[in-house]
Ligand code: 5GP
Ligand code: MN
């Protein structure tokens with residue numbers, strides 16, 4: 001992060017401010033961990049801080065400290081819009097384009113308070129007065145750890161903040177297995193463990209608290225998996241009917257796409273999930289090695305993300321979306 005930006009932010013935070021912290025729509029572990037980690041940090045500096053999420057976060061993150069204080073824009077547009085308009089500073093975390101907040105974008109484009117962006121995706125939009133944007137980091141939570149250090153407040157990181165930061169590092173690194181996991185990531189985590197985080201318990205909260213329905217849904221997803229070995233590709237579909245049959249709740253499909261990548265010879269995996277209420281097919285892409293799914297998602301499916309993990313959406317039916325995907329694949333070289 002640039003020295004002058006650090007100094008400017010230090011100055012901004014030197015007196016109590018009204019601060020709104022915003023994750024992307026359908027927030028994941030990194031989005032919720034980083035926004036709540038920053039929330040606890042700013043509270044310690046005596047700021048009036050609040051996290052406003054564009055929509056609901058999944059149940060498997062509801063144990064995060066202070067998650068009960070998170071306001072949901074789509075549930076209370078009037079009140080949350082007012083809080084956003086009254087803010088002195090707005091932090092946006094784990095995304096870099098305002099459309100990633102969905103309908104909330106209409107509010108955010110009208111505010112006059114300065115934005116501070118902290119994010120690790122490619123191609124940041126130009127809306128923030130101060131920007132800590134770096135694709136070299138595996139998670140926004142890891143960036144938050146360094147950000148607090150840059151500001152000179154390392155001693156403020158306590159067990160609560162560390163717990164939030166650890167959550168995003170674990171979830172965005174696929175439990176430390178994605179290539180973005182560096183020796184620095186492990187050093188940061190070592191420091192978090194020294195601060196007393198219960199890393200085993202956090203893992204349990206995140207990954208071992210599954211409902212029976214979720215496992216049944218996973219079973220259905222695995223049954224639906226198709227393999228195109230000549231393209232080193234696998235993909236999964238889940239229709240709205242299949243979600244309903246397995247009493248789907250938000251978060252139940254998290255991580256299912258990774259099963260496709262675990263097959264020998266597969267370097268590109270996708271999952272297509274029908275969301276009838278929103279009339280879209282939500283897509284996740286994962287890859288191993290050089291195949292750039294960020295580029296793939298951007299070019300063909302209104303999305304983006306990182307080289308090895310990206311997402312997008314389609315407005316076609318599930319069947320037509322898959323047909324389009326297979327068509328594109330036929331013309332794509334995957335090594
Ligand atoms: P996931 O597949 O877990 O939803 O997302 C994988 C990565 O791609 C995450 O970093 C996420 O922020 C990003 N991503 C997911 N959906 C979209 C999208 O519609 N647009 C963009 N630009 N990025 C996305
Ligand atoms: Mn992230």
Next on the checklist: Let me check I have the definition right: for segment 135-239, take the eigenvalues of the Cα gyration tensor, multiply each by 5, take square roots. What are those semi-axes in whole Å, largest first?
Outcome noted: 34, 18, 10
Checklist entry - Mean separation of Cα pairs under 8 Å and 6+ residues apart, divided by the residue count of segment 80-222: what relative contact order is that in percent? => result 16
Checklist entry - Which of these, 181, 101, 299, has the largest mean-square fluctuation under a Gaussian network model of the chain (Cα springs below 10 Å)? => result 299
Checklist entry - So for 116, 280, fewest C-beta neighbours within 10 Å to most, what's the order? => result 280, 116
Checklist outcome for this item: If one compares the long axis through the Cα atoms of helix 77-86 with the longest principal axis of the Cα atoms of the chain, the angle in degrees, nearest 10, works out at 40
Checklist entry - Mind ordering 50-63, 313-326 by average Cβ neighbours within 10 Å, highest first? => result 50-63, 313-326
Item to check | Cα gyration tensor shape of segment 1-157, rounded if a/c is under 1.5, else prolate or oblate by comparing a/b with b/c | outcome: rounded
Next on the checklist: Just to confirm the number: angle between the C-alpha axis of helix 212-224 and the first principal axis of the chain, 0 to 90 degrees, nearest 10?
Outcome noted: 50
Checklist entry - In whole Å, what are the Cα extents of the chain along the three principal axes, biggest one first? => result 58, 42, 38
Next on the checklist: Let's test the formula: R0 of 45 Å, r as the Cβ-Cβ distance of residue 229 and residue 62. What FRET efficiency results, to the nearest 0.05?
Outcome noted: 0.70
Checklist entry - Please state the relative contact order of the chain as a whole percent: Cα pairs under 8 Å, 6+ residues apart? => result 12
Next on the checklist: At a threshold of 8 angstrom on Cα-Cα distance, excluding pairs fewer than six apart, so keeping six or more, what relative contact order does segment 47-122 reach in percent?
Outcome noted: 29
Next on the checklist: Run the helix sum for the chain: -39,500 (n - 2.57) per DSSP H stretch of 4+ residues, divided by residue count, reported at 222 nm to the nearest 500 deg cm²/dmol.
Outcome noted: -11500 deg cm²/dmol
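Roughly how large, in nm² to one decimal, is the mean projection of the convex hull of the alpha-carbon atoms in segment 142-189?
3.1
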Checklist entry - Which one of 284, 14, 67 has the biggest mean-square fluctuation once the chain is modelled by GNM with Cα springs under 10 Å? => result 14
Item to check | Cα Rg, Dmax (largest Cα-Cα span) when computed across segment 212-330, Å | outcome: 13.3, 37
Next on the checklist: Give me the extension gain from residue 222 to residue 263: residue separation times 0.36 nm, minus the current Cα-Cα distance, reported in nm with one decimal.
Outcome noted: 13.6 nm
Next on the checklist: I'd like the antiparallel share, as a percent to the nearest 5, of DSSP beta bridges with both residues in the chain.
Outcome noted: 45
Next on the checklist: Test of understanding: ordering 92, 253, 182, 167 by Cβ neighbours within 10 Å, fewest first, what list do you get?
Outcome noted: 182, 253, 92, 167
Next on the checklist: Assuming 0.36 nm per residue, please report the length gained on full extension of the stretch residue 330 to residue 83 beyond their Cα-Cα distance.
Outcome noted: 84.0 nm
Checklist entry - Listing 1, 32 from the residue with the fewest other Cβ atoms within 10 Å to the one with the most, what is the order? => result 1, 32
Checklist entry - Rounded if a/c is under 1.5, else prolate if a/b beats b/c, else oblate: with a ≥ b ≥ c from the C-alpha gyration tensor eigenvalues square-rooted, which is segment 193-275? => result oblate
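Can you give the extra length, in nm with one decimal, that the chain gains between residue 155 and residue 323 once fully stretched, where that is 0.36 nm per residue apart less the Cα-Cα distance?
55.1 nm
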Checklist outcome for this item: Between residue 103 and residue 299, Cβ-based FRET efficiency (R0 22 Å, step 0.05) works out to 0.30
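The numbers here are math on the coordinates, done by the rules we state, and not lab data. Remember, it's a predicted structure, so these values are computed and weren't measured experimentally. Quick reminder, even Gly has a Cβ in these numbers, built from the backbone with ideal geometry, and neighbours come from all protein chains shown.
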